[in-house]
Structures are given as structure tokens and as C-alpha cells.
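Trainee: What follows is a single structure, and I will ask about it in a moment.
Each value in this text was obtained by applying a stated rule to the coordinates, not by laboratory testing. Not measured: the values here are computed from a predicted model. FYI the Cβ positions are ideal-geometry reconstructions off the backbone, even for glycines, and counts take in every protein chain you see.
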Amino acid sequence: MIQAQSLTKHYGSKTAVDAVDFTVQPGKVTGFLGPNGAGKSTTMRMIVGLDRPSAGSVIVNGKPYHEHKAPLREVGVLLDAKAVHTGRSAYNHLRAMAATHSIPTSRVHEVINLTGLESVARKRVGGFSLGMGQRLGIAAALLGDPATLILDEPVNGLDPEGVQWVRKLTKQLAAEGRTVLLSSHLMSEMALTADHIIVLGRGRVIADASVADIIASAAQNTVRVRTPHTAALASLLAQADVTITNLEQDVLEISGLTVNEIGDRAAAAQISLHELTAVSASLEDAYMKLTQNEVEYRTGDTQTEAEVAR
């Protein structure tokens, strides 16, 4: 379990993390989301003692990280897959880590097999692809068979098979009762993997709920209608609290009425419908809605780069 209380980090006059409170529960995959600059990386670094909080506290499995006598056995961490001596082989890198915690060599072989590194285990890490580097980082995180996993962008650079493997692995680890904190910018993958979501924006927690609840909060009463009689249907349904958008020549998106209401009114007016579908919200929709006012850098701003620089 990871517990943060009023966790704060200042860098000079800038507040990177602003008195955040959250608990990452065992037995589920918790997604950790937020725009660039939201404070996710700083928070994860404070959890594992790489940055010291300016105020507040964070404990892992009942203690601050630095108080654990064998931290690799408590917390497995992937923050930067490139943080490896490029002249070492994957095997020697893992064996050196294992030696610091009296972890047997047999465990090194286990994580190499688990992460699919058998064919490159004796090769220098400097020649690894991005995806193989990620697998090595995950192997290192799993080395101590820890109760808590913190993985930052673990599928970065992986092919579809690797992405699916990470998804299954994190779910399996959570099902074993472990605590899994997973940070990613891939909303579609997070929707398939996470059970719970914590969202940061400008250093503060702006959402902390189950995936289902977060998606439900963004859901709108929107219906997609395909009909050769768009003008007639739009005129029939027009009222103050209904919004009608013409998406294509024969497609309307309607907010403010249910599928049943639209279908019943169209039938009564003898307007044929070729499609009548409730539009579901996605995790990406919910995330964009939550963070729309929390983004520091926006694509398509009217200012040019030169103007920003000035």
C-alpha cells in the first residue's frame, strides 16, 4: 500500500506537488494520470526517496521507503529504463542488483524468462532497442518479488505483444494482492488495465475514483442518429434544452434526449431512422474533460514559439 498525506514539493518558487493526499490500495491496478508537468514523476520519485518532500509524507507498506532494510523486496520501481550501465549485459545488471539484497541467482533467471529476455540476456544493454530496455526495467522491478510495483510508462516502445503482456502481468500481480501503481499517457491501454484512477493537475489531485466512476462523470446524454431526413428530424426535435449537431450529410448528434425519446418521436412523425445509438464516454473523454484547464502547454495556441520565447 502507498499512502500520501499532504505531500508537497517545491523547486524554488515553483510548486510541483501541492499537498496531495491519496492511497494506492493493494489488489488492484491504480492508474496515475496527468498532463506533462502535473507532478506525476516528482510524486513517484518522492515515494521511493529520490526526492525529499518539502512538506507532508508518503509511506510504502507501512514505512517511508528509506526505512525499509531491503527496499527491493518491498517496492519494485521502473522510472527510467535507460538508467543502466550500457556496457553491462542484462544478466550482469540484474545479478549486480540481486547481490545488494542477497537475492539468489535463480531469481535473476526467473525474471529474465518472465520478461522474454532469454535471447539477449548476455548482450550489452547499450545495444538494446527501446522495447527491450523496457523489458529489462520491468525485470529489475520484479527482481525482489516485491509487494508494491511502481511502473512509469512501462509499455513505451513495446510492440502489441509486449503491450498485451504488460497488461496481463500487471493484472496478475494485482490479483495476487500486490499494490500496482501504473503511469501512462495511453488512455486506451489504461482503460483496459486499470481498476482505479488518480489524476493530477498542476500538482493537485483532481480525481481519485474507479475507472467506471470517472467515465460515468464524463458521460453525456448524446445520441448518434443516421437518417436520410436530417432536416425534418432536427426540426421535429428542436427545443431549448436539446443540442443538435450535423456531423455528416445524413448523421446527427443529439444531446438532451434519450434514445427512446428520439425513436418514439421519429416513429410518430413517420421519419425513418437507419441508426440510433447512444454515444458512450471513454476514459480519454473523461480525462480530457478533467484536465482541460490543467494543461500548461497546448497544441494550436495562437502564440508562435518565438512569441512564447519573448
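Trainee: Applying 1/(1 + (r/R0)^6) with R0 = 30 Å to the Cβ-Cβ distance of residue 119 and residue 172, what FRET efficiency is obtained, to the nearest 0.05?
Mentor: 0.80
Trainee: Shifting gears a bit: What does the extension gain come out to for residue 242 and residue 272, with contour length at 0.36 nm per residue minus their alpha carbon separation?
Mentor: 8.8 nm
Trainee: Given Cα positions, please report Rg to Rh for the stretch 181-245, the hydrodynamic radius being the Kirkwood one.
Mentor: So for the stretch 181-245, dividing Rg by the Kirkwood Rh gives 1.20.
Trainee: Taking a threshold of 24 Å on the Cα-Cα distance, which of the pairs 82/123; 40/171; 123/168; 40/82; 63/289; 28/168 fall above it?
Mentor: Those over the limit are 123/168; 63/289.
Trainee: Could you please report the charge total around residue 158, scoring K, R as +1 and D, E as -1 over all other residues with beta-carbon less than 11 angstrom from its beta-carbon?
Mentor: -2
Trainee: Output ³J(HN,Hα) for the stretch 247-264: one whole-Hz value per residue in order, computed from phi by the Karplus curve 6.51 cos²θ - 1.76 cosθ + 1.60 with θ = phi - 60°, and x for Gly and Pro.
Mentor: 3J(HN,Hα) across the stretch 247-264, in whole Hz: 7, 9, 4, 10, 10, 10, 10, 10, 10, x, 9, 7, 4, 5, 5, 5, x, 5.
Trainee: How much mean residue ellipticity at 222 nm does the chain get from its helices, if each DSSP H run of length 4 or more adds -39500 (n - 2.57) and you divide by all residues, to the nearest 500 deg cm²/dmol?
Mentor: The helix contribution divided over the chain gives -10000 deg cm²/dmol.
Trainee: Among 2-10, 94-102, how do they line up from the highest to the lowest mean number of other beta-carbon atoms within 10 Å?
Mentor: With the highest mean Cβ count within 10 Å placed first, the list reads 2-10, 94-102.
Trainee: Moving to a separate point now. Name the residue, out of 27, 126, 12, whose mean-square fluctuation peaks in a Gaussian network model built on the chain with Cα pairs under 10 Å.
Mentor: 12
Trainee: Can you check what the net charge comes to around residue 184, using other residues whose Cβ is under 9 Å from the Cβ of residue 184 (Lys, Arg +1; Asp, Glu -1)?
Mentor: Every neighbour counted, the sum reads -3.
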